[in-house]
Amino acid sequence: MTGLLIIIVLVLLGIAIWQLTKIFHLTQVGAAVRTENTEVANDRDNNVNGYLNFAFLGFIYLITIYSLWKWGHLALGTPASEHGPQYDNLMAISLGLIFFVQTITQFLLYYFSFKYRGKQGNVAFYYADNDKLEFIWTIIPVIVLAGLILYGLYTWTNIMFVDDKDKDALYVEVYAKQFSWEVRYAGEDGVLGKANVRYIDGVNTMGVDMSDPNAQDDITVNELHIPKGRKVIFKFRSQDVLHSAYMPHFRAQMNVVPGMVTEFAFTPTITTDEMRDDPQIIEKVANINKIRSKRSSALVAKGEQALEPYVFDYILLCNKICGASHYNMQMKLVVDSEADFNKWLKEKKTLSVAVKESQKEAAAPADAPQGTPAKPDASGTAAAKPDSTAVAQVMKK
Ligand SMILES: [Cu+2]
């Protein structure tokens, strides 16, 4: 790699020296001036460059059309959240506008540089200013951009408004660490217990403050399930570095910042099973499996195991480069019907039960009865924990 860089630097240095000598030659007035071999552009050169100019404009248009045709289908498909269509609409308007303005301004730019290309004997015309023209090309972008920004702000507040008093909402904490995700549900009281990295101990991997009464019914899991049609309020915390929780199908993304709690809320509208029947998703899955089966036959030929066929699932991805295994920092996200979700959550044991079980196991490893559920109580294990005054990462509520 270093060798390649040195070669590139040497080549660039050579080009620079060559260009410098050319400039030096041009400055030698009197030597070979106005002969056929002069390096000052003549009408023929200007014509050639003028037409090449148009060829480049054509190239820009063609590559745009080709890219849209070839990769346009890779854009995100049906949105699976209530605010998703509004978000997509904003995106479509912005892209359409950029596309329209870009097509026209690029044409004008290339047309005028062709029209006023150099001609022998032509002299530049001095034109001071034109108030009317300047007014037009200032006021139009101002109106268009103001409209776009207002619409964007409206959409933004619509999506980002989180009502913490909402009793019907589901409260979920998403916890990021290099390089995985963990999830905590608020339990029956609908309130997440306080948490701090200093409380991380054994099975309490998210650092929940077990002395907090609100934490007693909290449930921690490694899979994110959310119910269709119910508002989900997400609270994000990070254990180590900056991460970003990205849920592309729901048009949602939030930075996960160590030392603070970030949040957003959305309502899922399509269950995982329903999304698997979406025509676009069916096509995508078929395409992925076509690539997989090709890879598989190559692997089998080498005597290795074939790849499993891909099945669609929603996904939570890390969208901030956070370290060596960032690329693999993801978690399955399942949207269930309300009934399925409640059934799923009911089967999970609370963190306080898990903590007590693990303590019992540690105290009497040989003869203690396994898996006896202990009654949650407010005393928890706080006595053994350090510094409960540290508020930097404490989750309020
Ligand atoms: Cu990450």
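Coordinate-derived values only; no laboratory data. Here the structure is a predicted model, which means the values were calculated and not measured. Note: ideal-geometry Cβ built from the backbone for every residue, glycine included; neighbour counts use all protein chains shown.
Worth a mention:
- With θ taken as phi - 60° and the Karplus curve 6.51 cos²θ - 1.76 cosθ + 1.60 applied, the whole-hertz 3J(HN,Hα) list for the stretch 250-265 is 9, 6, 9, 8, 8, 5, 10, 10, x, x, 8, 10, 10, 8, 7, 9 Hz, x standing for glycine and proline.
- Under 5 Å, built H, 5+ apart or other chain: amide partners of Ala265: Phe234
- The tail of the calculated P(r) for the chain, taken as Cα-Cα distances beyond 31 Å, holds 61 percent of the pairs.
- Shown here for the stretch 68-132: chymotrypsin sites (Phe, Trp or Tyr not before Pro) in loop regions (DSSP other than H, G, I, E, B) with at most 11 other Cβ atoms within 10 Å, namely Phe125, Tyr126, Tyr127.
- Toward the positive end of the charge dipole of the chain, with +1 on the Cβ of Lys and Arg and -1 on the Cβ of Asp and Glu, the farthest Cα among Leu108, Phe341, Phe24 is that of Phe24.
- Nearest-ten-degree value, helix 84-115 long axis tilted from longest Cα axis of the chain: 10 degrees
- For the stretch 40-160, a crude dipole built from +1 on the beta carbon of Lys and Arg and -1 on the beta carbon of Asp and Glu, taken about the Cα centre, is about 420 debye to the nearest 20.
- Across the stretch 152-164, coupling constants 3J(HN,Hα) worked out from phi with the 6.51/-1.76/1.60 Karplus curve, θ = phi - 60°, read x, 5, 4, 4, 4, 5, 4, 7, 7, 5, 10, 9, 5 Hz, and Gly and Pro carry x.
- On Cα atoms only, tilt of 43-71 relative to the major axis of the chain in degrees: 20 degrees
- From helices alone, the chain scores -14500 deg cm²/dmol at 222 nm; the rule is -39500 (n - 2.57) for each run of n ≥ 4 DSSP H residues, then divide by the residue total.
- Charge dipole (the chain, unit charges on Cβ, about Cα centre) - positive-most of Ala55, Phe264, Val311: Ala55
- In a DSSP loop and with at most 12 other Cβ atoms within 10 Å, the trypsin sites (Lys or Arg not before Pro) in the stretch 138-214 are Lys165, Lys167.
- Among the chymotrypsin sites (Phe, Trp or Tyr not before Pro) within the stretch 139-219, those in coil by DSSP and having at most 15 neighbouring Cβ atoms inside 10 Å are Phe161.
- Per residue, the convex hull spanned by the Cα atoms of the stretch 40-160 measures out at 145 cubic angstrom.
- Basic side chains Lys and Arg get +1 at the Cβ, acidic Asp and Glu get -1 at the Cβ, and with that the dipole of the chain about its Cα centre reaches some 1080 debye.
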